1. Using only the Cα atoms of the stretch 106-149, each taken as one equal point scatterer with no solvent, compute I(q) by the Debye sum, divide by I(0), and report log10 of the ratio at q = 0.30, 0.33 Å⁻¹.
2. Among the DSSP beta bridges whose two residues both lie in the chain, what percent are antiparallel, rounded to the nearest 5?
3. For the stretch 45-90, what does the alpha-carbon gyration tensor say about shape, rounded, prolate or oblate, given a ≥ b ≥ c as the root eigenvalues, a/c under 1.5 as rounded, and a/b over b/c as prolate?
4. For the stretch 113-185, just say rounded, prolate or oblate: build the C-alpha gyration tensor, square-root its eigenvalues into a ≥ b ≥ c, call rounded for a/c under 1.5, and beyond that prolate if a/b exceeds b/c, oblate if not.
5. Would you list, by chain and number, the aspartates and glutamates whose Cα falls below 15 Å from the Cα of residue 123, excluding same-chain residues fewer than 8 positions away?
6. Which log10 I(q)/I(0) values, to two decimals, does the stretch 167-211 give at q = 0.19 Å⁻¹ under the Debye formula with one point per Cα?
7. So which GluC sites (Glu not before Pro) in the stretch 134-232 pass both tests, a DSSP loop state and at most 11 other Cβ atoms within 10 Å of the Cβ?
8. Net charge within 13 Å of residue 96 by Cβ-Cβ distance, Lys/Arg positive one each and Asp/Glu negative one each, not counting residue 96 itself?
Amino acid sequence: MLQLDEISKVYSSGSNSVTALNNISLEIADGGFVAIVGPSGSGKSTMLNILGCLDRPTSGNYKVNGISTGTLKDDELAKLRNQQFGFVFQSFHLLPRFNALENVMLPFLYSNDLPEHPEQQAKTMLKRVGLEDRMHHLPGELSGGQQQRVAIARALVNDPAVILADEPTGALDSASGQGVMALLTQLNQEGKTVIVITHDAQIASYCNYTITMADGIIESSAANNKKNIPGV
Ligand code: ADP
Ligand code: ADP
């Protein structure tokens with residue numbers, strides 16, 4: 001369970017300050033499948049950064065599974081982040097000189113409790129995303145959709161409870177984007193909490209719930225009508 005309680009985030013530099021999040025309260029239950037939509041500058045990325053413990057709020061309380069993150073030291077917050085969250089980005093963020101398998105194993109470099117067979121675990125995740133025959137390819141040898149699947153395998157390799165995806169289909173053609181959303185839908189059906197930032201209403205419609213942001217507040221939130229979604 002993720003609980004934002006009266007969260008604000010203010011960015012200050014010199015005499016300028018921007019209120020990116022303005023007193024937001026929100027709960028996302030385990031197993032949720034949530035889209036965060038809204039115009040550029042409405043606070044979506046800031047919200048995702050706080051949800052994923054990449055950044056701290058200026059005020060308010062953020063709890064992950066009942067743990068108040070505000071009282072955690074930076075290294076404790078980093079540990080919570082590595083255990084609980086897997087991140088997927090618009091531009092994949094793969095290392096170009098590492099092959100798919102090596103990219104998926106990267107999180108193990110920062111992990112204190114390695115699985116017994118790290119390489120086997122990474123291979124299992126690549127199989128899970130349908131890339132068993134691409135393990136030794138470099139990112140540049142893969143299509144955009146395949147690169148995003150490698151990034152999703154990497155996000156899964158530490159078995160996080162929550163996948164946070166910031167515009168995961170933004171760099172993909174429509175068919176590849178639908179494939180990525182179908183994969184995220186399956187992962188949600190297997191029990192992962194999945195939170196997706198998107199500009200695209202059709203992408204949002206894969207999720208069970210849509211939160212619409214405007215100017216740092218939640219303008220509306222509603223369950224989705226999931227009829228006629230391609231690829232699911
Ligand atoms: P979105 O993801 O919806 O485009 P952001 O969360 O990126 O919105 O930004 C919300 C507001 O906060 C915008 O006005 C943006 O310019 C500002 N902002 C975001 N990050 C920073 C930062 N690191 N420093 C200063 N202002 C920022
Ligand atoms: P997005 O499409 O994800 O909203 P942005 O261009 O808003 O992309 O933000 C990209 C990154 O730059 C984010 O990490 C955000 O926190 C940061 N950022 C956004 N606006 C500002 C700003 N005004 N000053 C500094 N950093 C910013």
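The values are calculated or read from the model by the stated rules, or taken from the named source; none is laboratory data. Note that this is a predicted model, so its numbers are computed, not measured. Quick reminder, even Gly has a Cβ in these numbers, built from the backbone with ideal geometry, and neighbours come from all protein chains shown. For accessibility, only protein heavy atoms count, side chains too; no ligands or nucleic acids. Shrake-Rupley method; radii C 1.70, N 1.55, O 1.52, S 1.80 Å.
1. For the requested q values the scattering log ratios are -1.09, -1.16.
2. Close to 55 percent.
3. It is oblate, given that a/c is not under 1.5 and a/b is not larger than b/c.
4. Judged from the Cα gyration tensor, the stretch 113-185 comes out oblate (a/c at least 1.5, b/c at or above a/b).
5. Partners within reach: 102, 132, 133, 159.
6. For the stretch 167-211, the Cα-only Debye profile gives -0.52.
7. Listed in order of number, the matching sites are 190.
8. Charge balance near residue 96 sits at -1.
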